[in-house]
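All remarks here apply to the structure that follows.
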Amino acid sequence: AARGCAGVWRRACQRGAGGPAPRGQRDVSCNARGGAVPAGKSGLAPWVPVVGLEIHAQISSNSKLFSGSQVQFAAPPNSLVSFFDASLPGTLPVLNRRCVEAAVMTGLALNCSINKKSLFDRKHYFYADLPAGYQITQQRVPIAVNGSLSYSLCIDNKMSQMVTKTVRIKQIQLEQDSGKSLHDDTRSQTLVDLNRAGVGLMEVVMEPDMCCGEEAAAAVRELQLILQTLGSSQAVMAEGQLRVDANVSVHHPGEPYGVRTEVKNINSIRFLAKAVDYEIQRQIEELENGGTILNETRAFDSKLGCTVPMRDKEGKQDYRFMPEPNLPPLILYDAKSLPANINHQQVVNIDWIHERLPDLPSVKRAKLVERYGILPEHSFTLLNEDGLTEFFENVVKQTQMKPKKVIGWILNDLLSYLKQHSLTVKESPVSSCVLADLLNLLEKKEISSTAAKQVLAELWKGEGKTPLEIVKEKKLELIQDQKELEQICQAVIDGQENE
Amino acid sequence: QVSAALKEGRVTPTELCQRCLALVQSTKFLNAYITVAEETALKQAEESEKRYRRGQPLGVLDGIPIAVKDNFNTAGIETTCASNMLKGYISPYNATVVQKLLDQGAVLLGKTNLDEFAMGSGSTDGVFGPVRNPWSYSRQYKEKSVPKPHSEDEESDWVITGGSSGGSAAAVSSFTCFAALGSDTGGSTRNPAAHCGVVGLKPTYGLISRHGLIPLVNSMDVPGILTRCVDDAAVVLGSLAGHDPKDSTTVQDNFKPFELPNLTDVSKLSIGIPKEYRAPGLSSEILSLWSKAADLFKSAGAKVIEVSLPHTCYSIVCYHVLCTTEVASNMARFDGLEYGHRSDMNKSTESMYAATRREGFNDVVRGRILSGNYFLLKQNYENYFIKAQKVRRLIANDFVKVFGSGVDVLLTPTTLSDAVPYKEFIKEDNRTRSTQDDILTQAANMAGLPAINVPTALSERGLPVGLQFIGRSFQEKQLLTVAKWFEKQVKFPVIQLEEVKRHGHGVFQHQKSASFS
């Protein structure tokens, strides 16, 4: 049975004949406490959704996996193609050391066993964006296996309660990316750009331990943060550096797993959650209507919010796997097995890499909580937003205000302004020093918190005025003088008496 | 000797080049060359001449005309693999071995003919037609052949060169060049060497870079060296061997080029005679020659013992599975999209691929692709591919055991008979022929071992017959030393070609065997 939650899914609303689910359907979420909810409400037996993921992360390296051509996003078509990438006859693959290191780093960060000996294979199929007619991958023995990834979810959509889940990592394998083909239907032609052909990928396979879109999204988000922290992949989905395919099936508790479908063409984490949830819903409805699920590949249509069968993949492909004869087995060493007179340029030492791993997100969060006394949920948000942690820490350095209070200003005020205006932390018109100045005024009780918010609103306009200048301009200072205060109060009371 | 002549100025590189080019022209009927690179060759000869005048030749190979089999990439010169698929294909880069030869100052005369994509044992199945064995036109052969009535075409009796590096073998044999590159996957260098009476060396797998050699079977292919004597083979080997970062299957150990000693004492040598190489179909002539050779070693004081390589009989079947599977994979890149022939069919990408491949490949290639794909299917993989790999390991282990028991070098025949007439050869299909002809050479490729054909004697029909020596992994020096000794003993005759005599090449005529050093 699927680990994690035993979600319970019921038809949310009546489904029209065919077509995507009508709008207005509420997002279904899992029962995070586990255990099936008894089928009381609608009289239907509960469903257990099962979600696994195949994630392709483009390795962040200067050159490709087996050739020396450059790796770069959005370069002119076919400008980054070496003879080997174009599959010119007689060319041979040469393994890129940096790609191996990236895969080892990622494997270690995901608690995998690194295979000291892994092998390369050819996976054959014909397609315009695959010049050699085969992809070099690791089918028999991949570089890393049997790991795990922990991620957190908020229960009940509130930031107050977070629960930690784990998904098993089946394996990580090194493989080549394909080129890009663009179909020009008006001229009945296909344009092929091989810039991406041969770029190194790490395929991370997550076991079907997840049960809904939210879990899948959270797991991928955490993986993304890990990859970015390691630097092994920039993992930006919009640039195709992180691609996710979801494997979805449903079954009744106690029964064997159902037929699964593969969902592709998911372009963001948000869409991932939507696609998974839609597919789960679709399968439940199909089965409850007496239909069957086909073992097929479906594409997510983000405009319609549904999955549709993909035309290209028909029938089961036999990839005719064969060992790659031009690449000897990949041997990795650790401190113990490292031979004495080896050329260090020629080997990858797992222990050496392990020692140099940076703090992973989970460690960073724990440190933030410990150091600044903030809540775990806060640490998640800090890490989730690119540059926000740095911003927060810079403000804390420059102000006397306690971090516990600063965090509120960062997460409630600054962040909401950024979101409203769709800005990244880097693009913030309010810098950390400026915010720190403002918070200092508040801390010294020179202004009230209401006033501070007004000043912030003013600062947001980015006109270059300092907080002090704005306070003076708008006369927002708190009156400290006892006598002055007495005079004002007296004036008010007098005013009242006159009515 | 010719190298010395160049150094001493007795002949200039340009003269040498011109004479060779003229000879290429006059031996055109052999069809040994697909492309003759006259302009670039003359330029290279000029450059070489400048160096010699300055007294700064790059080495022994400077100014020496060579030929390269047309499955090696040569920048700016057409590389076709004798296939419609690559007709007109001009590669943008040089194969590592080609580059190395050019860096040494060698003069590249042209690209030689072969069986399409190196599939075949006759050099008869390429799109540019078959290669004719120069010995067909030798006095030695003509004297021994039955005189024909004038009504019959004299030309039709010509014999094949063997294959698949037939063009290279013919080029060396007919004096058009001093050395040629071939490739050897199942015997493709040694087989034509034997039939054309030249030295054919198959180096240890991993010694010489395959970068730029259009692959047949990546795990067995090696660049092969064809020369007129063993010393020359050693010289060429010296300039080619060594690690290439562009080829991950080359060993990283440092390679030191060597000069072959003149062995006089063979008493410390142990020669193995594998009994399984007495193959069905082995001609009695060759059998007796093999026996005489063994006796030669024995009477010179060497230890000659019979050994057994029990899995030899499985090597052909094993080779068929492993070869066709790799072929199916290696040929997958020929889809007409990036380079090579592209069909006019454009209804869909798939139909374009199918038409391109049907038009571009001959049936031998297509047949192997289909077989290979069959063996790679999920349901067949275990029973065919995996099993063949296991048998391959057994074959390789046979050699390990024998060499481990103290044998230095193995002595076997190279071919089952002397060269057959073309008319005879084409009576059987390519697959049948390959099965028959590869049997004595194939196992060395399975095991990755070095092997060499040394021309031994003329058959009753006046055609060359060679014998093969197989050595230990990376022990080319020992192998070639033994081969050189043997070569000296047998004194194989020089081919007497009327055409060569007509041109009066002083350099060639008055020698027992033409050589560099």
* Report yes if some residue within segment A:274-290 is at negative phi and part of a loop (DSSP other than H, G, I, E, B); otherwise report no. => yes
* Structure fact -> Just one listed residue, out of A:Leu272, A:Leu330, is farther than 30 Å from B:Phe375 by Cα and surrounded by 18 or more Cβ atoms within 10 Å (Cβ to Cβ), and it is A:Leu272
* With the condition kept exactly as written, say whether any residue in segment B:441-451 is part of a strand (DSSP E or B) and surrounded by fewer than 22 Cβ atoms within 10 Å (Cβ to Cβ). => no
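Here's the yes/no breakdown for (1) touching a helix residue (DSSP H, G or I) at 6+ places or on another chain (Cβ under 9 Å); (2) buried (at least 24 other Cβ atoms within 10 Å of the Cβ):
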{"position": "A:Val192", "(1), (2)": "no, no"}
{"position": "A:Glu203", "(1), (2)": "no, no"}
{"position": "A:Glu207", "(1), (2)": "no, no"}
{"position": "A:Val220", "(1), (2)": "yes, yes"}
{"position": "A:Gly231", "(1), (2)": "yes, no"}
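Among the candidates B:Leu213, B:Leu269, B:Leu260, B:Leu237, single out the residue that is of a type in the set (A, V, I, L, M), buried (at least 18 other Cβ atoms within 10 Å of the Cβ), touching a residue at least 24 places away in the same chain (Cβ under 8 Å) and within 14 Å of chain A (Cβ to nearest Cβ).
On the way: B:Leu269 fails: within 14 Å of chain A (Cβ to nearest Cβ); B:Leu260 fails: within 14 Å of chain A (Cβ to nearest Cβ); B:Leu237 fails: within 14 Å of chain A (Cβ to nearest Cβ).
Of B:Leu213, B:Leu269, B:Leu260, B:Leu237, the one residue that is of a type in the set (A, V, I, L, M), buried (at least 18 other Cβ atoms within 10 Å of the Cβ), touching a residue at least 24 places away in the same chain (Cβ under 8 Å) and within 14 Å of chain A (Cβ to nearest Cβ) is B:Leu213.
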* Selection count where residues are more than 14 Å from chain B (Cβ to nearest Cβ) and touching a residue at least 24 places away in the same chain (Cβ under 8 Å), scope segment A:322-367 -> 15
* To do: Could you pull out the residue among A:Ser422, A:Ser428, A:Ser416 that is buried (at least 21 other Cβ atoms within 10 Å of the Cβ), farther than 23 Å from A:Glu477 by Cβ and either at pLDDT 90 or above or assigned by the TED database to the domain that holds A:Ser379 (or both)?
  => A:Ser428
* **Matching residues, segment B:230-256, being touching a strand residue (DSSP E or B) at 6+ places or on another chain (Cβ under 6 Å) and outside any helix (DSSP H, G or I)** => B:Ala241, B:Phe255
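What number of residues within segment B:482-496 are touching a strand residue (DSSP E or B) at 6+ places or on another chain (Cβ under 8 Å) and part of a helix (DSSP H, G or I)?
5
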* Structure fact -> Of the residues in segment B:172-210 that are in contact with a helix residue (DSSP H, G or I) (Cβ under 7 Å, 6 or more places away or on another chain) and within 14 Å of chain A (Cβ to nearest Cβ), the one that is farthest from B:Asp62 (Cα to Cα) is B:Thr185
* To do: Test A:Tyr319 against the stated conditions and say whether it is within 11 Å of chain B (Cβ to nearest Cβ), surrounded by 11 or more Cβ atoms within 10 Å (Cβ to Cβ) and among the hydroxyl-bearing types (Ser, Thr, Tyr).
  => yes
* **Residue that is closer than 25 Å to A:Gln283 by Cα and either touching a Gly at 6+ places or on another chain (Cβ under 6 Å) or of a type in the set (Asp, Glu) (or both), where the choices are A:Val220, A:Val244, A:Val250** => A:Val250
* To do: Would you check which residues across segment B:337-355 are within 11 Å of chain A (Cβ to nearest Cβ) and either touching a residue at least 40 places away in the same chain (Cβ under 8 Å) or hydroxyl-bearing (Ser, Thr, Tyr) (or both) and list them?
  => B:Tyr339, B:Gly340, B:Ser348, B:Thr349, B:Tyr353
* Asked: Looking at segment B:373-417, which of the residues that are part of a loop (DSSP other than H, G, I, E, B) and out of contact with any helix residue (DSSP H, G or I) (no Cβ under 6 Å at 6 or more places or on another chain) is surrounded by the most Cβ atoms within 10 Å (Cβ to Cβ)?
  -> B:Val407
* To do: Kindly indicate which of A:Val192, A:Val167, A:Val163 is β-branched (Val, Ile, Thr), part of a strand (DSSP E or B) and within 14 Å of chain B (Cβ to nearest Cβ).
  => A:Val192
* Could you grab me the full set of residues in segment B:1-30 that are in a helix (DSSP H, G or I), in contact with a helix residue (DSSP H, G or I) (Cβ under 6 Å, 6 or more places away or on another chain) and not hydrophobic (A, V, I, L, M, F, W, C)? => B:Pro13, B:Thr14, B:Ser26
* To do: Quick one: count up the residues across segment A:86-133 that are among the small types (Gly, Ala, Ser) and more than 14 Å from chain B (Cβ to nearest Cβ).
  => 6
* Just wondering, is there one or more residues in segment A:59-81 that are surrounded by fewer than 23 Cβ atoms within 10 Å (Cβ to Cβ), at positive phi, assigned to a loop (DSSP other than H, G, I, E, B) and away from chain B (no Cβ under 14 Å)? -> yes
* Asked: Which one is nearest to the other protein chains (Cβ to nearest Cβ) among residues in segment B:305-336 that are surrounded by fewer than 18 Cβ atoms within 10 Å (Cβ to Cβ) and not in a helix (DSSP H, G or I)?
  -> B:Ser308
* To do: Considering only segment A:382-499, give the helices (runs of 4 or more DSSP H) lying wholly within it that have at least 1 residues that are over 30 Å from A:Lys367 (Cβ atoms) and aromatic (Phe, Trp, Tyr).
  => A:449-460
* Asked: Among helices (runs of 4 or more DSSP H) lying entirely in segment B:38-152, which contain 1 or more residues that are within 14 Å of chain A (Cβ to nearest Cβ) and surrounded by fewer than 23 Cβ atoms within 10 Å (Cβ to Cβ)?
  -> B:96-103
* **B:Gln104 being within 30 Å of B:Asp221 (Cα to Cα) and touching a residue at least 60 places away in the same chain (Cβ under 8 Å)** => yes
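The values are calculated or read from the model by the stated rules, or taken from the named source; none is laboratory data. Note that this is a predicted model, so its numbers are computed, not measured. Please note: Cβ atoms are built from the backbone with ideal geometry, for glycine as well, and neighbour counts cover all protein chains shown.
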